[in-house]
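Student: Sharing a structure below in structure tokens format, with a few things to ask.
The values are calculated or read from the model by the stated rules, or taken from the named source; none is laboratory data. All of these numbers come straight from a predicted model, not from anything done at the bench. So basically every Cβ, Gly included, is an ideal-geometry build from the backbone, and we count neighbours across all protein chains shown.
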Amino acid sequence: MSQIYKRYVHKSTALIQNIVANTKTTTLVTQLSVEKAKKKVLKAAFKKKPNSWPKERSPNWLELNDAFNIHYGKPTDSDINKVNRFFNKAKVEFEWCAASFDDIPGRKPKTSFPNVEPDNDILSKNEREITSINTLPEVIFLGGTNVGKSSILNNITTSRVSKDLGSLARVSKTTGFTKTLNCYNVGNKLRMIDSPGYGFSSSKEQGKITLQYLLEREQLVRCFLLLAGDKDINSTDNMMIRYIHEHGVPFEVVFTKMDKVRDLDKFKKKVTSSGLMDLPTLPRLILTNSITSSTSPKRFGIDLLRYTIFQSCGLIS
Ligand SMILES: Nc1nc2c(ncn2[C@@H]2O[C@H](COP(=O)(O)OP(=O)(O)OP(=O)(O)O)[C@@H](O)[C@H]2O)c(=O)[nH]1
Ligand SMILES: [Mg+2]
């Protein structure tokens, strides 16, 4: 039992003794009210200071991150610190949204002048600017509707010490909330793209732009496929995995909502039987929670995700 738990159990017992001492008819203090009082004190304690929970309360799924990524070895502490420093401090700017592939800035000048370099005089100043914004590496977050794509983007760009997520990308309980590709420039070193989810509440147009982006976007260096840790991998997820694998799109897998996973053995079985670990490209499997809760008091897994993004953009060896 952790120290903090002991402290509050002790506190609740003292509280109950106090109630008993002050109650003339002690028979009124039933076993039920004792339990109720204990629960109340514990609940209040955990609600008040979730960040002060001792280390041993880290979720038990954390060690799976290492086990699943055994081929890669662990990034060093100094690399993780370097990457965290970058994401904690980087200025993040929303740059564009696109409902069709040709809406992406830089696409049109390129289409009009296919063999022209961005700095060529044939392009107007505006076209030069638009064309030259294409030079940063891009990563995209892909996944079913409501899996947590927009949340993970906020998670990555929120300072590590903050408990609550920033609100750069709009998050909603409404399934199918993100309808366009949305691009965010991170510290002028890389771009992250939020995408509309596939499956329930999605549309053909949304699917089309995402798939076209995956196949045709030259700046795309890595796709992060998000799967909900607390749900089964469904047939649409499997179709997407097959699609990106067969088209040679480099990808990693991010399991979201790990704070909602209750049965870890079932989760492990789901992952091992999914075939993800047998793919020849050996995608990393990164386990995360973007929302803090009693089982995951911090935002776990984000270090490895940030590191993998940094690495895929060639910003760290
Ligand atoms: N418990 C828990 N909830 C999460 C987590 N990540 C996201 N959510 C919740 O899941 C819901 C959907 O999150 P979004 O980030 O909007 O998901 P999305 O994939 O962008 O959804 P669409 O844009 O509709 O495709 C929101 O209510 C989030 O608060 C997580 O790690 N844990
Ligand atoms: Mg979204």
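Student: Return yes or no: is Arg306 in the same structural domain as Ser201 (by TED's automatic domain parsing), closer than 22 Å to Ala169 by Cα and over 13 Å from the mean Cα position of the chain (by Cα)?
Tutor: no
Student: A follow-up question, please. Could you grab the pairs with beta carbons closer than 7 Å, sequence gap of 6+ or different chains, first residue in region 164-183 and within 17 Å of Ile302 (Cβ to Cβ), second one charged (D, E, K, R) and surrounded by 14 or more Cβ atoms within 10 Å (Cβ to Cβ)?
Tutor: These pairs meet every condition: Ala169/Asp194.
Student: Residue under question is Val171, and the condition is that it be in contact with a strand residue (DSSP E or B) (Cβ under 7 Å, 6 or more places away or on another chain), of a type in the set (A, V, I, L, M, F, W, C) and at pLDDT 85 or above; does it hold?
Tutor: No; evaluated as a whole, the condition is false for this residue.
Student: Separate question: Can you confirm whether Ser290 is farther than 17 Å from Leu225 by Cα, assigned by TED's automatic domain parsing to the domain that holds Asn154 and not basic (Lys, Arg)?
Tutor: Here the answer is no, as Ser290 does not meet what is asked.
Student: In addition: Pick from Ile152, Ile140, Ile130: which is away from ligand 1 (no atom under 11 Å from the Cβ), buried (at least 19 other Cβ atoms within 10 Å of the Cβ) and either assigned to a loop (DSSP other than H, G, I, E, B) or modelled with pLDDT of 85 or more (or both)?
Tutor: Residue meeting the stated conditions: Ile140.
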